[in-house]
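J.: Once you've had a glance at the structure underneath, I'll fire off some questions.
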Amino acid sequence: MPPPRGKGFLARSSAMAVASGILMSRVLGLVRDRVFAHYLGNSAVADAFRAAFRIPNFLQNLFGEGVLSASFIPVYARLRAEEKHQEASELAEAIFAILLLVTSVLVLLGVFAAPFLIDIIAPGFHGEKRELTIRLVRILFPGAALLVFYAWCLGVLNSHRKFLLSYTAPVVWNITIIAAFLWDNGRQGQVHLAVVIAVASVIGSGLQFVILLPSVLNLLRPLVLRLRMRDDSARTVIRNFFPVFLGRGVVQVSAFLDSMLASFLPTSAVSALAYAQTLNSLPISLFGMAVSAAELPAMSSALGTTEEIAGVLRQRLAQGLQNIAFFVIPSAVAFLVLGDVIVAAIYRTGQFGSRDVTLVWSVLAGSAVGLLASTSGRLYSSAFYALRDTRTPLNFAVVRVILTVALGYLFALPLPRWLGVDRLWGVAGLTFSAGIAGWVEFSLLRRALHKRIGEVPPQISRTLRLWGAAFVAAAAGYGAKVALPLHAGHYTALLVGAVVLPLFGVLYLGLVHLMGIGTPASLQRLLRRG
């Protein structure tokens with residue numbers, strides 16, 4: 001008889017389910033962005049769409065997955081761990097009622113306040129570019145509310161350890177947008193195409209919510225929408241919500257300020273920043289978010305004495321950080337050394353040319369600086385949320401934002417002028433400054449949590465060997481890139497990517513194996529299946 005499957009197995013399985021769902025969604029997201037690049041490239045219309053999408057996305061990020069995960073899941077998961085299932089259901093119903101009321105009001109205000117919002121987020125936009133951005137914001141805003149409702153479904157399902165469907169649902173959003181691109185085909189111009197894509201985004205958001213709703217209703221049936229503001233559990237969620245809301249808010253303000261600064265740079269800066277962020281978000285989502293999302297319910301459900309809970313958190317943190325570093329370090333090195341291969345293989349098509357490849361690579365290389373800090377920091381923040389401490393991550397997020405804004409302004413606007421280079425390259429300074437600020441935030445989170453639960457061994461030797469293996473593999477990949485004609489056309493770019501990137505991955509895995517570095521259990525299972 002096989003041994004019983006313990007909590008370690010469940011945590012690895014949960015993380016793998018989250019990663020699998022995110023991978024499917026992100027792969028479709030890359031296809032969506034490739035189609036976007038083919039039709040819109042780095043044009044003024046692309047800038048307008050990217051800026052417009054940021055504004056309603058602000059609402060989604062504030063009330064959506066990140067905030068709900070931090071404030072709702074710890075309370076809901078603890079109630080379920082204590083066998084208080086009726087109270088847990090009533091809590092979920094109350095939170096949905098609150099979200100329905102608040103987001104409806106904010107969407108209505110956002111539609112009417114769109115011109116004012118554009119003047120804040122993209123003050124560098126004028127004329128037709130500004131008018132198009134306002135029009136797109138008004139179309140996109142209702143979709144943000146639907147994505148908030150999807151995030152509520154995700155929070156409920158995650159607490160019940162049902163991860164795969166939750167993180168696979170965004171696939172339908174990407175498919176809807178891709179289908180709209182292919183249906184319109186740019187026949188009536190880029191402006192009309194941007195409007196069609198905005199409408200498709202709202203439809204896709206609704207489908208994403210509808211897909212999860214039946215599973216949630218099966219868990220909460222019958223669903224009764226009552227505010228229940230006097231309920232102790234609901235008050236706890238609301239009390240935890242505001243520090244996380246503010247913490248998430250200051251981070252979103254940072255993203256807004258990046259977009260605002262980019263709007264003062266020449267055309268292509270806003271869209272180049274968005275293209276790079278799509279690529280940068282892939283390892284953050286696959287490895288940082290996947291591990292953190294899987295661990296948060298488990299850490300929140302830990303029962304026992306203070307020392308016993310601290311021991312559980314140290315164990316989970318140590319394992320989670322090892323898994324994150326194994327995958328994120330080679331991702332950062334690949335962005336830095338082989339970023340042009342990655343960008344060309346995905347985006348080099350139609351309106352997206354070789355100059356655009358180089359520009360987006362520079363932005364992507366800047367983001368590589370803080371990639372490990374951003375992904376690892378998510379796990380540390382989850383540990384604080386599991387301890388019902390939402391204020392400490394907020395305080396450090398404020399520090400991060402202040403640094404990001406100050407350094408971002410310096411690197412994006414004055415520095416290119418001082419160096420005598422094209423102002424457009426200042427967009428790379430935005431991601432570079434964010435990386436530096438990310439390391440400061442990670443260091444503060446790590447030190448504060450270790451004071452509370454005890455030291456988590458840093459495993460410096462293992463980390464240095466991972467960096468060494470990644471750079472050696474990247475050097476081999478760079479040599480292969482030089483030997484192949486990267487800029488001969490988009491078909492050649494695909495071929496070069498198909499040669500260089502697998503070579504880099506295989507060499508990295510081979511080197512870490514020779515160094516005796518343990519491979520994450522999820523990857524071992526995948527390799528055995530292959």
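J.: Based on this model, can you work out whether Trp439 counts as farther than 23 Å from Ser382 by Cβ and not small (Gly, Ala, Ser)?
T.: So Trp439 does not fit the description; no.
J.: How many residues does region 19-40 contain that are in contact with a strand residue (DSSP E or B) (Cβ under 9 Å, 6 or more places away or on another chain) and either at pLDDT below 85 or basic (Lys, Arg) (or both)?
T.: Result for region 19-40: 1.
J.: What residue, of Phe116, Phe149, Phe112, Phe163, is surrounded by 21 or more Cβ atoms within 10 Å (Cβ to Cβ) and either more than 26 Å from Arg221 (Cβ to Cβ) or at pLDDT below 75 (or both)?
T.: Phe163 is the lone residue from the list that is surrounded by 21 or more Cβ atoms within 10 Å (Cβ to Cβ) and either more than 26 Å from Arg221 (Cβ to Cβ) or at pLDDT below 75 (or both).
J.: Listed residues Glu87, Glu131; which is touching a residue at least 60 places away in the same chain (Cβ under 8 Å), assigned to a helix (DSSP H, G or I) and either of a type in the set (Ser, Thr, Tyr) or surrounded by fewer than 21 Cβ atoms within 10 Å (Cβ to Cβ) (or both)?
T.: Every option except Glu87 fails the conditions.
J.: Report yes if Val270 is at pLDDT 80 or above, surrounded by fewer than 17 Cβ atoms within 10 Å (Cβ to Cβ) and of a type in the set (Val, Ile, Thr), otherwise no. Give the steps one after another, and end with the answer.
T.: Values: at pLDDT 80 or above: yes; surrounded by fewer than 17 Cβ atoms within 10 Å (Cβ to Cβ): no; of a type in the set (Val, Ile, Thr): yes.
So Val270 does not fit the description; no.
J.: Picking from Ala473, Ala493, Ala469, which residue would you name as being at pLDDT below 90, among the aliphatic types (A, V, I, L, M) and part of a helix (DSSP H, G or I)?
T.: Working: Ala473 fails: at pLDDT below 90; Ala469 fails: at pLDDT below 90.
Matching residue, one of Ala473, Ala493, Ala469: Ala493.
J.: Next question. State yes or no: is Leu207 farther than 24 Å from Met260 by Cβ and either in a helix (DSSP H, G or I) or touching a residue at least 24 places away in the same chain (Cβ under 8 Å) (or both)?
T.: Numbers: farther than 24 Å from Met260 by Cβ: yes; either in a helix (DSSP H, G or I) or touching a residue at least 24 places away in the same chain (Cβ under 8 Å) (or both): yes.
Criteria met by Leu207.
J.: For region 298-345: of the residues being of a type in the set (D, E, K, R) and modelled with pLDDT under 90, which is nearest to Val500 (Cα to Cα)?
T.: Arg316
J.: So, one more: Which is among the hydroxyl-bearing types (Ser, Thr, Tyr), in the same structural domain as Thr358 (by TED's automatic domain parsing) and buried (at least 19 other Cβ atoms within 10 Å of the Cβ), of Thr431, Thr463?
T.: Thr431
J.: Just wondering, is there one or more residues in region 129-145 that are more than 18 Å from Val195 (Cα to Cα) and of a type in the set (A, V, I, L, M, F, W, C)?
T.: Of the residues in region 129-145, the ones more than 18 Å from Val195 (Cα to Cα) are 145.
Now narrow it down to the ones that are of a type in the set (A, V, I, L, M, F, W, C): 145.
Yes: one or more hits.
J.: Please state which of the following conditions Leu265 fails to meet, knowing it meets all the rest: (1) part of a loop (DSSP other than H, G, I, E, B); (2) at pLDDT 70 or above; (3) touching an Asp or Glu at 6+ places or on another chain (Cβ under 8 Å).
T.: Condition not satisfied by Leu265: (3).
J.: With respect to Ser381, determine if the residue is touching a Pro at 6+ places or on another chain (Cβ under 6 Å) and buried (at least 22 other Cβ atoms within 10 Å of the Cβ).
T.: Details: touching a Pro at 6+ places or on another chain (Cβ under 6 Å): yes; buried (at least 22 other Cβ atoms within 10 Å of the Cβ): yes.
Answer is yes for this residue.
J.: Just a yes or no: is a residue in region 243-250 part of a helix (DSSP H, G or I), at pLDDT 75 or above and among the small types (Gly, Ala, Ser)?
T.: Checking region 243-250: not a single residue is part of a helix (DSSP H, G or I), at pLDDT 75 or above and among the small types (Gly, Ala, Ser).
J.: Going through Ala77, Ala11 one at a time, which residue ends up being touching a Lys or Arg at 6+ places or on another chain (Cβ under 8 Å), small (Gly, Ala, Ser) and at pLDDT below 80?
T.: It is Ala11.
J.: Hey, Ala470 hits all of (1) in contact (Cβ under 8 Å) with a residue 12 or more places away in the chain; (2) loosely packed, with under 15 Cβ neighbours inside 10 Å but one; which does it fall short on?
T.: (2)
The values are calculated or read from the model by the stated rules, or taken from the named source; none is laboratory data. Small disclaimer: the values here were computed from a predicted structure and weren't measured. Reconstructed Cβ throughout: ideal geometry from the backbone, glycine too, with neighbour counts over all protein chains shown.
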